[in-house]
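**Q** Questions regarding the structure given below will be posed in turn.
The values are calculated or read from the model by the stated rules, or taken from the named source; none is laboratory data. Computed from a prediction, not measured in an experiment: that's the story for all the values here. With ideal geometry, Cβ positions are generated from the backbone for all residues, glycine too; neighbour counts draw on all protein chains shown.
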Amino acid sequence: MSSKNIGIIIAVIAAIAIIAAAVFLLSGNDDNKDKTEYTVTLNLDGGESASVSSSSGWTYDQQAKTRSKKFGYGAELPIIVNPTKADDGNCRYAFSGWNPELPSVVTESKTYVATYTTSYTAKILVEDQDGVYFWTEGSGETIADCIASPSAGVSFTTTDNTWGKFVDEINGLASTEDFSGYWSLYTYKDGAWTLSDLGVSSMKTSENPVVGFFYVIAETEEPYGIIAGGPDKVTVPPVSSAKVWDGKTDGTVFCIQGASGLYLYISDATGENMSERFKAATAAYNVPFEESKRGGISTLFGIGTTKKTDSEGNVVIDPDTGAEV
């Protein structure tokens, strides 16, 4: 065999070897893949997941604020419980998915970020001209959205106008045709209640975590002054003690209605009798209540019962207790 033929054969063998090596490398070497560990990194973006913790093998990176764990090639990724994220002021978060979507099996090192949708919630005080009040809440882009779906036991009736929605009625108390009585919207900022220049349709919930609807009695002629109602003329409950009725009916539900017609609900399941349950319910929902000497109601919201009088207008005295009836 000539040296030329030998050279050709050697060149062919070398080419075959190169091709085989390339195929081997491109195939990724499945044997090596089985031995390689891949890192799955989860960025919960401030949230928490019950299945992602140090005890379950996820290492926390303090600087990056991520959790990571190593898996073999083709290993099944364990089920990751959807993370939850704590409220930030009046902003609430709801988990919406992973970016990118989590794989069922691990084939590469990759970072996955939890994503959330945001919504804003407003606490809403409702108070009539006599100081009877309750709290409700709702979520949405504007206060109009919030009152469209308030918490349990509360109903807002509105009218559409050119400037937006007008609140006609809340839980049995409606505006009058001559506007001698109507609901007035206030904002709460820096510890003070201020009459709002905006209507419910223009007021952003993100900027107004606390608002109030106060029923006012007003003059029907200029200067249209406020006669009764509003934060300057009634006792306003502290925002820090605001509590919204949860709508639970597993105990006793009490309905309280003021002289204005405004009604509210409170409830409590504790107590062996109605008197004990009513006291517990008023305490739970911060309703001002004073018990009478006979175990009844002396005052609610600072409003006392009418004293019984005789035919001459004198207050009747209970002969057993010596107390006014």
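**Q** For the range 69-94, how many residues are part of a strand (DSSP E or B) and under 13 Å from the mean Cα position of the chain (by Cα)?
**A** Of the residues in that region, 5 qualify.
**Q** Same structure again: Would you mind stating whether GLU222 is free of Cβ contacts under 8 Å to residues at least 40 places away in the same chain, in the same structural domain as GLU141 (by TED's automatic domain parsing) and either buried (at least 18 other Cβ atoms within 10 Å of the Cβ) or not polar (S, T, N, Q) (or both)?
**A** yes
**Q** Name the residue, out of THR187, THR205, THR235, that is hydroxyl-bearing (Ser, Thr, Tyr) and over 30 Å from CYS91 (Cβ atoms).
**A** Result: THR235 is the single residue among THR187, THR205, THR235 that is hydroxyl-bearing (Ser, Thr, Tyr) and over 30 Å from CYS91 (Cβ atoms).
**Q** Look through ALA122, ALA152, ALA114 and report the one residue that is touching a residue at least 60 places away in the same chain (Cβ under 8 Å), touching an Asp or Glu at 6+ places or on another chain (Cβ under 9 Å), among the hydrophobic types (A, V, I, L, M, F, W, C) and within 30 Å of LYS70 (Cα to Cα).
**A** ALA114
**Q** Then there's this: Go through the range 246-266 and count every residue that is over 29 Å from SER175 (Cβ atoms) and small (Gly, Ala, Ser).
**A** 1
**Q** Looking only at the range 232-273, count every residue that is assigned to a helix (DSSP H, G or I) and in contact (Cβ under 8 Å) with a residue 60 or more places away in the chain and tell me the total.
**A** Residues that pass the stated criteria total 1.
**Q** Given (1) more than 30 Å from CYS146 (Cα to Cα); (2) of a type in the set (Val, Ile, Thr); (3) at pLDDT 95 or above, identify the lone condition not met by THR84.
**A** (1)
**Q** Let me ask something else about it. Residues in the range 132-139: is at least one hydrophobic (A, V, I, L, M, F, W, C) and surrounded by fewer than 16 Cβ atoms within 10 Å (Cβ to Cβ)?
**A** No, the conditions are met nowhere in the range 132-139.
**Q** In the range 196-214, what residues are among the small types (Gly, Ala, Ser) and either touching a residue at least 60 places away in the same chain (Cβ under 8 Å) or part of a helix (DSSP H, G or I) (or both)?
**A** The answer is SER202, SER206, GLY212.
So that you can scan it fast, the table gives a plain yes or no per residue for (1) assigned to a strand (DSSP E or B); (2) not assigned by TED's automatic domain parsing to the domain that holds GLY164:
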{"residue": "ALA64", "(1), (2)": "no, yes"}
{"residue": "ARG67", "(1), (2)": "yes, yes"}
{"residue": "SER96", "(1), (2)": "yes, yes"}
{"residue": "PRO103", "(1), (2)": "no, yes"}
{"residue": "THR115", "(1), (2)": "yes, yes"}
{"residue": "GLY138", "(1), (2)": "yes, no"}
{"residue": "ALA144", "(1), (2)": "no, no"}
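**Q** Sticking with this one: Consider the range 148-184. How many of its residues are assigned to a strand (DSSP E or B), of a type in the set (A, V, I, L, M) and farther than 14 Å from SER260 by Cβ?
**A** The qualifying residues number 1.
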